[in-house]
Amino acid sequence: MKYRNLGGTGLIVSEIAFGTIPILSGDVPVLPDYYSPNEETAIAIMEHAFKLGCNLYDTAIVPEYGDAEIKLGRFAAHIGREKIIISDKSRYFIGDEMYDAVNRSCKNLDTYANIYFVHQVDENNEDITFGRYGAIDALNELKAEGKIKFTGVASHYYDVLLRGAKDKRVDILQGSGNILERGMLERIESEPLFKEKGFILNKSYAAGILPHFFRIETLLSGVLSYPISSVLVGMGTNEQVDQAMMMKTENYSRPSFSQVMSVLEKSFVPIPCDRCQRCRCKYGTEIHIIFRQYNYYFLGKDYWALRKLDLSINESAAQCKKCTDMSCMKKCPHEINIPETVQMIQRLVEIHIRKSLI
């Protein structure tokens, strides 16, 4: 196992971090139906990762990740609290709510969290989060009280992460990316402000999809070639721990975007979108998310992706059809014909959902 600095925190973290979703139990949407280990088994899996060099464990408040937070606290007591770094998070954007959430997390863990993130910050809640008496203010107060050691912002959106990179109250950032959805990683790589913050990456397997098309070593080497601190990998078995933590690669490298596309093209015709998020729509359509859900449909998440698309595709297609601005196309580095592609996706949803309900 190799280790990297977590920004300016003074923490040294393992390049591979343990994501606790697969070891949770509970009635939550993210729970894989083939896991749900009991506490003893979950602790054994986390200990196996520890013995292979993992020192960073990421979780979220109960019930968001089921009982994973509680299991992680029991593991910390079992292995020795000061031997690991705990990263925790919750989706509360108002300061009072975040303050209460952190105290609940500390109770569940029966210890402090090294890092606590405001989870899933987006444009709908970022002003509250960053504003006076928002979640970041609350996290800094909790830091002063010793309930947490460092503050964090977790988001899937580049503009939110950039705002966090500029904010001195924020110590660490968490964002998503992989060798397919690399656009945000490339923007982060070229922005000097991010070098001052620790950065933890999630979704390196794209919700478990990409290991069906690429070797684990290729996926992890690809993202570790970017200037990040650690990669979160969800691990629910000792085999998955071994796959992620026993890489032999000395020099990390990434396949080109065209090489990734060529692999996927053997199965379907993917939309060449790397989710750089430059395609801002004046109507508010999140084009990169629509394109992701289309690709995910063909990559194995067919039921989930189609139903996500069905929530908004008709409205998005109608707005796209009447738009004369086309600034989204001008900003797309891969020159995707966005209006034509959105109409194509609408037809796909119509065929596979609407007609199936008749």
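Filtering segment 224-254 to residues that are crowded, with 21+ Cβ neighbours inside 10 Å and not in a loop (DSSP other than H, G, I, E, B) leaves Leu224, Ser230, Val231, Leu232, Val233, Gly234, Val241, Ala244, Met245. One residue stands out in segment 26-43 among those that are out of contact with any helix residue (DSSP H, G or I) (no Cβ under 8 Å at 6 or more places or on another chain) and either modelled with pLDDT under 95 or of a type in the set (A, V, I, L, M) (or both): the one that is surrounded by the most Cβ atoms within 10 Å (Cβ to Cβ), namely Ser36. Of the candidates Ile12, Ile23, the single residue that is surrounded by fewer than 16 Cβ atoms within 10 Å (Cβ to Cβ) and either assigned by TED's automatic domain parsing to the domain that holds Gln240 or in contact with a Cys (Cβ under 9 Å, 6 or more places away or on another chain) (or both) is Ile12.
Checked against the criterion of being aromatic (Phe, Trp, Tyr) and over 29 Å from Glu123 (Cβ atoms), segment 222-238 contains not a single residue that satisfies it. Applying the set (1) under 22 Å from Thr151 (Cβ atoms); (2) in contact with a helix residue (DSSP H, G or I) (Cβ under 8 Å, 6 or more places away or on another chain) to Gly198 leaves exactly one unmet item: (2). Answer with yes or no whether Ile188 is of a type outside the set (Gly, Ala, Ser) and touching a Lys or Arg at 6+ places or on another chain (Cβ under 9 Å). Taking the combined requirement at face value, the residue does not satisfy it.
In this structure, is Leu185 farther than 21 Å from Asn114 by Cα, in contact (Cβ under 8 Å) with a residue 60 or more places away in the chain, buried (at least 24 other Cβ atoms within 10 Å of the Cβ) and in the same structural domain as Asp110 (by TED's automatic domain parsing)? Considered against the rule, which asks whether it is farther than 21 Å from Asn114 by Cα, in contact (Cβ under 8 Å) with a residue 60 or more places away in the chain, buried (at least 24 other Cβ atoms within 10 Å of the Cβ) and in the same structural domain as Asp110 (by TED's automatic domain parsing), Leu185 comes out as no.
Within segment 331-358, the set of residues being modelled with pLDDT under 90 and assigned to a helix (DSSP H, G or I) comprises Leu348, Val349, Glu350, Ile351, His352, Ile353, Arg354, Lys355, Ser356, Leu357. None of Tyr133, Tyr116 is modelled with pLDDT of 95 or more, in the same structural domain as Cys54 (by TED's automatic domain parsing), out of contact with any Phe, Trp or Tyr (no Cβ under 6 Å at 6 or more places or on another chain) and crowded, with 22+ Cβ neighbours inside 10 Å except Tyr116. Taking the listed residues Arg275, Arg307, Arg292, the one that is under 26 Å from Cys328 (Cβ atoms) and touching a Gly at 6+ places or on another chain (Cβ under 7 Å) is Arg275, with no other qualifying. When Leu299, Leu311 are checked against the criterion of being among the aliphatic types (A, V, I, L, M) and either within 21 Å of Tyr157 (Cβ to Cβ) or modelled with pLDDT of 95 or more (or both), Leu311 stands alone in meeting it.
Within segment 271-290, the set of residues being under 18 Å from Gly208 (Cα atoms) and either assigned by TED's automatic domain parsing to the domain that holds Ala17 or outside any loop (DSSP other than H, G, I, E, B) (or both) comprises just one member, Ile289.
Residues of segment 298-331 that are buried (at least 19 other Cβ atoms within 10 Å of the Cβ) and closer than 20 Å to Gly183 by Cα: Leu299, Cys328.
The values are calculated or read from the model by the stated rules, or taken from the named source; none is laboratory data. Computed from a predicted model, the values in this text were never measured in an experiment. Positions of Cβ are backbone-derived with ideal geometry, glycine not excepted, and every protein chain shown enters the neighbour counts.
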